[in-house]
Every structure is written in C-alpha cells, then in structure tokens.
Amino acid sequence: MKALKKEADERLLIEAAQQDSARFAELYELHFERVYAYILRRVQNRVETEDLTAEVFHQALANLKRFEWRGIPFSAWLFRIAANLMADRWQRSGREVQDESGQIEAAQASRSEIEEVEHRATLFRLVETLPAEQKRVVVLRFVDQKSIKEVAREIRKTEGAVKQLQFRALSALRARMEGADA
C-alpha cells in the first residue's frame, strides 16, 4: 500500500513538473542523492561525479515533456540518462568499455545496484543529521579521504579527539541505518 502511494505521489510530481518546470525542483530534491551515489560508485571522482550529476538533471529537465509514465520509477529514467552520459564521457576520453562485438556498453542498473544506491542515499541523508563536528569529520575522512592527522590539523583538535568524533559518528550512523533498514 505504501509503495502504491509513493508511486502515485511521484507520478503527480512528474505531471506537475511537466506543466510547470519550476516544480522540477521537487523531483531534483527527491532523486539527487540517488543519482549522485549511482554516478559516484562508477566514476569514483567527486568533481566528475558533480559534473555528471548536474548534466543528468539538466537533460532530465530539458526532456521532461517527453517522459511518459509507465509505472517504472522516475529514478530508473535518471539512471539511464546517467549511464548514457558516463558511456559518452568514457568514449570521448578514450576509456571505452566494450563488449565482444566492440560496441560501447552502457551501464545498466541491476536490482542490487539500485538497492546499493538507495542504501548510499539513505547514508548521505543520515550524515546530514549528525552534529556539525561529527559530520565534518565524516566528510573530511571518507569523502575527502584525509588522514586522522590531516583532519586533526584542519579542525584544530587532537588526533584522539578526531578518532572519538569519528567513532561517535559511525556508531550513530550504524544505529540509524539499522533502524532505517528495519
């Protein structure tokens, strides 16, 4: 029942955005984290991920009038746009991903990949709920990939304090993720 309501709500949001492009912001907010996580998992470069994510939503907005509701989640359409953009970028940069026939193989989102993206999107949302210092440590350590020593220097705390903030943040995230999965 909950899934049907979510599907109906999404369809209404899409129809509203097709009539008034200013309403696209709601779709953007709803799907940004999923698309970002999907691209980041494949590209593993923050700057390139940000560029590609922006391009996905730019293309989605430009082509929204042509989107037809067929009961498939809107995120699947966004993932398809993302896969095509990544394949185009890899082809242009010479990092072609080829199958046996030599054709460019667009990344397809399998059910497990979509679940992984949903899991990461939930994690991104939960990081935003952490206290400011814990959030900063998590971002510096795991997004910017800085060492404990570098983080300590940047936030002007001891390495022990950084370790404690990281421990508390990860414990809180673990507990909240288990609650979100239940």
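The values are calculated or read from the model by the stated rules, or taken from the named source; none is laboratory data. Here the structure is a predicted model, which is why all the values come from computation and not from measurement. Here the Cβ positions follow ideal geometry from the backbone for every residue, glycine too, while neighbour counts run over all protein chains shown.
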TODO: With respect to Arg141, determine if the residue is within 18 Å of Arg46 (Cα to Cα), of a type in the set (Lys, Arg) and buried (at least 17 other Cβ atoms within 10 Å of the Cβ).
DONE: yes
Open item on the list: Quick check on the stretch 152-182: of everything there that is loosely packed, with under 13 Cβ neighbours inside 10 Å and in a loop (DSSP other than H, G, I, E, B), which residue is modelled with the lowest pLDDT?
Closed with: Ala182
